[in-house]
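What follows is a set of notes on a single structure, which appears directly below.
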Ligand code: FES
């Protein structure tokens, strides 16, 4: 007496095909996902320009004379790597106050320099000048030189650099 219903069967050839396809997919995932992640991850990383930069020991900076400090930052943005240099002036006041100015003019971002004879910062682009404390004394800049946030750790001076 035969049954009307037969359980589904699978022939040997189909079984081997299915198992081979499953194993192949698993191996592709194990090998392929890290490779894909390796190529995609730089594009997903965000460029964060927010860090504390060491300006070295406080003794490097004489009292009451704006003293330049230059540093270079390297950024990785996706697959692109770029370096840019920045400048600052450190002013140690006899009152123990420490001020660190950006050397970027607040008008159109030219670099200012310190003129020790006249005790002022000069911007060569549009003949602007700033006093020793970064205040505008002549020319078109709309505001004083920007100041960095600072901290002292074991007599090392740091500035908080933020961009973007
Ligand atoms: S960029 Fe400095 S005065 Fe114009």
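The values are calculated or read from the model by the stated rules, or taken from the named source; none is laboratory data. This is a predicted model, so every value here is computed, not measured. Because the Cβ atoms are built from the backbone with ideal geometry, glycine has one as well, and the counts that use them run over all protein chains shown.
Is it the case that residue 127 is within 16 Å of the ligand (Cβ to nearest atom) and in the same structural domain as residue 144 (by TED's automatic domain parsing)? Against the criterion (within 16 Å of the ligand (Cβ to nearest atom) and in the same structural domain as residue 144 (by TED's automatic domain parsing)), residue 127 qualifies.
Kindly indicate whether residue 132 is assigned by TED's automatic domain parsing to the domain that holds residue 71, away from the ligand (no atom under 16 Å from the Cβ), out of contact with any helix residue (DSSP H, G or I) (no Cβ under 6 Å at 6 or more places or on another chain) and outside any loop (DSSP other than H, G, I, E, B).
Details: assigned by TED's automatic domain parsing to the domain that holds residue 71: yes; away from the ligand (no atom under 16 Å from the Cβ): yes; out of contact with any helix residue (DSSP H, G or I) (no Cβ under 6 Å at 6 or more places or on another chain): yes; outside any loop (DSSP other than H, G, I, E, B): no.
When the stated conditions are applied, residue 132 does not pass them.
Looking for whichever is at pLDDT below 95 and surrounded by 15 or more Cβ atoms within 10 Å (Cβ to Cβ) here; the options are 89, 71, 161, 130. Which one fits?
Values: 89 fails: at pLDDT below 95; 71 fails: surrounded by 15 or more Cβ atoms within 10 Å (Cβ to Cβ); 130 fails: at pLDDT below 95.
Within the list 89, 71, 161, 130, the selection yields 161.
Kindly check whether there is at least one residue in segment 147-163 that is within 22 Å of residue 50 (Cβ to Cβ), within 16 Å of the ligand (Cβ to nearest atom) and in contact (Cβ under 8 Å) with a residue 24 or more places away in the chain. No, that holds for no residue. Among all residues of segment 33-55, there is none that is at pLDDT 90 or above and assigned to a helix (DSSP H, G or I).
Is it the case that segment 96-108 has a residue that's more than 21 Å from the chain's Cα centre (by Cα), more than 19 Å from residue 159 (Cβ to Cβ), surrounded by fewer than 19 Cβ atoms within 10 Å (Cβ to Cβ) and within 16 Å of the ligand (Cβ to nearest atom)? Yes: one or more hits.
Could you please find all residues in segment 135-164 being under 18 Å from residue 88 (Cα atoms) and not in a strand (DSSP E or B)? Within segment 135-164, 135, 141, 143, 144, 145, 146, 148, 164 qualify. Only one entry of 81, 111 meets the criterion of being out of contact with any strand residue (DSSP E or B) (no Cβ under 6 Å at 6 or more places or on another chain) and within 16 Å of the ligand (Cβ to nearest atom), and that entry is 111.
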